[in-house]
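Asker: Quick one: the structure is below, and I'll ask about it shortly.
The values are calculated or read from the model by the stated rules, or taken from the named source; none is laboratory data. Computed from a predicted model, the values in this text were never measured in an experiment. Quick reminder, even Gly has a Cβ in these numbers, built from the backbone with ideal geometry, and neighbours come from all protein chains shown.
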Amino acid sequence: MVLTRRAYKAISRWLPNEIITEIIQATPPSDQASLCRAGKLFHALCLPLLYRVVDLKTDASVTAAFCSTIISNETIAGIVRSFTGFEGPGRLRVDLLRALVGLEGLTVNLSELHGEDFKELLRWTFPNLVQCTLWINHTDWFSTQREDTMASFLIRHPRLENICVEDWCTLVPRPSKSARIPLLQLQHLRCPVEMVPSINARALKKARIYWESLDEVVERTFVAFKSMTCPDVPFVLSNVGGDNHFKEIVNSVSRNIPHTKTLQLFLSQLHIIHDDVIRDIEKCLPIFTGLTFLSIEYMSRHRTSYNPTAPTLHDEEEARIRVISLAAACSTLEACCLHRYAWRKVAGVWEKYSLEDFKALAGISWTDHEI
């Protein structure tokens, strides 16, 4: 972008700063960087926009320059509201994170912090933090070497509304049954199932939980969700895994959270979706008071667990028949998905529906690190 001195004077003279800011926001970041050098006014207006949201995944030289700028300039550091850490072990600096005092959103891979840096981060407090995504590589589990726990970090951030935690059970000691982390403003939660009973929330709207092969206490999990949700607020619940607890999960959800609006069962074994299982689900469906969307899907990345000799969904027509059977047991159901097939009820008739549109409508369009 080329901005002449005459154009700069005209813009700064005749347009209020609010309008100029709107125009700047509509330009690409590269042009914003150029405008930042056009004059004092544009520098003052562009700088907060350039540094407000930082998604730092770049080469080492650029990373080092950014870190130096943030750490040495409190004004710029205070502008950053959302920070997503970069990839590469040892490249995430805790002194950089500590400088970001105004953070509202934080996304970092804890595998990039080691030893004292990791402990220091978990001792730190971001006063305005409302969203955090914390994860660790599956090949980097050092729970016995870490003194401070993720729980202590969450306890110091009671304003959190969105939390995404990966590998809780491998990263920290499991909290005692009496331990509850007060997060009364929490609305969205994504975490391993072990973490659920440790949360004390009151207005949870959406949750995605991961089940491992361990024999988890299903009832305890959904009793905890019952205390975290409100019957007057629609609830979206996504279960990933838990094939061994399939029937128990559906039964417990129906009894403890009957106001669930969306229920997703994301399984590792496709053959689990057979007639006996469908009948088990049908027995639970009348207990729900507002179930609108039901999804039973297969995680294709676990293809090795598929049993080709077991009954499964062979075609679209077979899936449609099962959807109609499920709908007959649940009068509130408006859309349903079985594996890769989706339907929506229109004027009392079940019509084929786009899978992508179904997930968006049901509120289960998750990305890898989305809350």
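Asker: Which of the residues that make up region 329-341 are free of Cβ contacts under 8 Å to residues at least 40 places away in the same chain and either outside any loop (DSSP other than H, G, I, E, B) or not assigned by TED's automatic domain parsing to the domain that holds Met299 (or both)?
Answerer: Tyr341
Asker: A follow-up question, please. Restricting attention to region 256-285, which residues are among the β-branched types (Val, Ile, Thr) and either part of a helix (DSSP H, G or I) or at pLDDT 90 or above (or both)?
Answerer: Listed by number, the residues that qualify are Ile257, Thr260, Thr262, Ile272, Val277, Ile278, Ile281.
Asker: Is it true that some residue in region 128-149 is surrounded by 15 or more Cβ atoms within 10 Å (Cβ to Cβ), at pLDDT 85 or above and farther than 20 Å from Cys191 by Cα?
Answerer: no
Asker: Based on what the data block shows, is Val233 modelled with pLDDT under 95, in a loop (DSSP other than H, G, I, E, B) and closer than 20 Å to Leu291 by Cβ?
Answerer: Taking the combined requirement at face value, the residue satisfies it.
Asker: Quick check on this structure: which one of Ser305, Ser295 is at pLDDT below 95 and closer than 27 Å to His188 by Cβ?
Answerer: After applying the criteria, what remains is Ser295.
Asker: Can you work out which of the residues in region 204-217 that are in contact with a helix residue (DSSP H, G or I) (Cβ under 8 Å, 6 or more places away or on another chain) and modelled with pLDDT of 90 or more is farthest from Glu166 (Cα to Cα)?
Answerer: Top of the filtered list is Leu204.
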